[in-house]
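What follows is one structure encoded as structure tokens, with my remarks underneath.
The values are calculated or read from the model by the stated rules, or taken from the named source; none is laboratory data. This one's a predicted model, so the numbers in the text were calculated from it and none came from an experiment. Positions of Cβ are generated from backbone atoms using ideal geometry, with glycine treated the same way; all protein chains shown enter the neighbour counts.
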Amino acid sequence: MVVLALMALFLVWVVVGVGIWVEVKITNWKRLAEIKSVDAASYRTFKNFVNDIESKTNWNVKIISGLRTKERQKELMRENAKNASVEKSRHVMGRAIDINLYQKNWLSRIWLKKFNSTRDWRNTGVVKISEKYGLLWGGNYRSYHDPVHFEIR
């Protein structure tokens with residue numbers, strides 16, 4: 001009976017894990033496709049950047065923001081005046097992505113998000129990979145903590 005319960009629990013864990021992985025991959029594909037529709041070179045850079053992170057580190061990527069409409073950027077500015085204006089936002093141009101990182105930790109996941117320190121982000125190796133692509137990293141901003149942000153200059 002205990003063995004069956006453990007097997008059922010394991011099966012649920014696998015199904016949920018696969019479901020999260022599929023959802024993340026579909027989201028990433030959609031966000032990259034939106035960028036490709038306005039800037040094919042940016043698409044290639046970000047696609048390669050994400051692939052390198054996932055193949056050269058222990059981290060997986062979830063793209064939480066890519067191409068934004070001017071209206072969405074205005075909304076974000078109203079929410080936080082430190083966000084870039086429509087004229088300056090690389091997201092509006094299809095030249096920026098925001099990402100979260102995650103890795104499996106037995107029954108759960110460890111996430112790196114905006115609130116994590118720049119040191120935590122540097123320790124992942126992602127910042128070093130971004131340098132390979134000449135990306136500007138939001139963790140280097142002096143007046144705004146934005147370690148999830150990577151943009152093409």
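Looking for something more than 15 Å from the chain's Cα centre (by Cα), buried (at least 18 other Cβ atoms within 10 Å of the Cβ) and under 26 Å from residue 142 (Cβ atoms) - is there at least one such residue anywhere in the stretch 60-73?
Yes; the residues of the stretch 60-73 include at least one that is more than 15 Å from the chain's Cα centre (by Cα), buried (at least 18 other Cβ atoms within 10 Å of the Cβ) and under 26 Å from residue 142 (Cβ atoms).
Picking from 142, 109, 153, which residue would you name as being over 25 Å from residue 36 (Cβ atoms), of a type in the set (D, E, K, R) and exposed (fewer than 12 other Cβ atoms within 10 Å of the Cβ)?
142
Can you pull out the residues in the stretch 98-153 that are touching a residue at least 60 places away in the same chain (Cβ under 8 Å), of a type outside the set (Ser, Thr, Tyr) and closer than 12 Å to residue 61 by Cβ?
Within the stretch 98-153, 126, 129, 148, 150 qualify.
Of the conditions (1) within 29 Å of residue 123 (Cβ to Cβ); (2) out of contact with any helix residue (DSSP H, G or I) (no Cβ under 9 Å at 6 or more places or on another chain); (3) charged (D, E, K, R), residue 70 fails just one. Which one is it?
Going through the list (1) within 29 Å of residue 123 (Cβ to Cβ); (2) out of contact with any helix residue (DSSP H, G or I) (no Cβ under 9 Å at 6 or more places or on another chain); (3) charged (D, E, K, R), residue 70 breaks only (1).
For (1) closer than 28 Å to residue 144 by Cβ; (2) modelled with pLDDT of 95 or more; (3) out of contact with any Leu (no Cβ under 6 Å at 6 or more places or on another chain), each residue gets a yes or a no:
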| site | (1), (2), (3) |
| --- | --- |
| 23 | no, no, yes |
| 26 | no, no, yes |
| 34 | yes, yes, no |
| 40 | no, yes, yes |
| 61 | yes, yes, yes |
| 71 | yes, yes, yes |
| 81 | yes, no, yes |
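Any residue in the stretch 21-41 that is in contact (Cβ under 8 Å) with a residue 40 or more places away in the chain sitting within a Cβ distance under 6 Å of a residue that is of a type in the set (Val, Ile, Thr)? List the pairs, counting only those 6 or more apart or interchain.
31/63
Which of the residues belonging to the stretch 42-59 are within 14 Å of the chain's Cα centre (by Cα), without any contact (Cβ under 8 Å) to a residue 60 or more places away in the chain and surrounded by fewer than 18 Cβ atoms within 10 Å (Cβ to Cβ)?
47, 51, 54
Among the residues of the stretch 83-109, how many are modelled with pLDDT under 90 and under 25 Å from residue 25 (Cα atoms)?
Number satisfying all stated conditions: 6.
Specify the residue that is farthest from residue 138 (Cα to Cα); the eligible residues are those in the stretch 91-106 that are charged (D, E, K, R) and crowded, with 20+ Cβ neighbours inside 10 Å.
Here the residue is 95.
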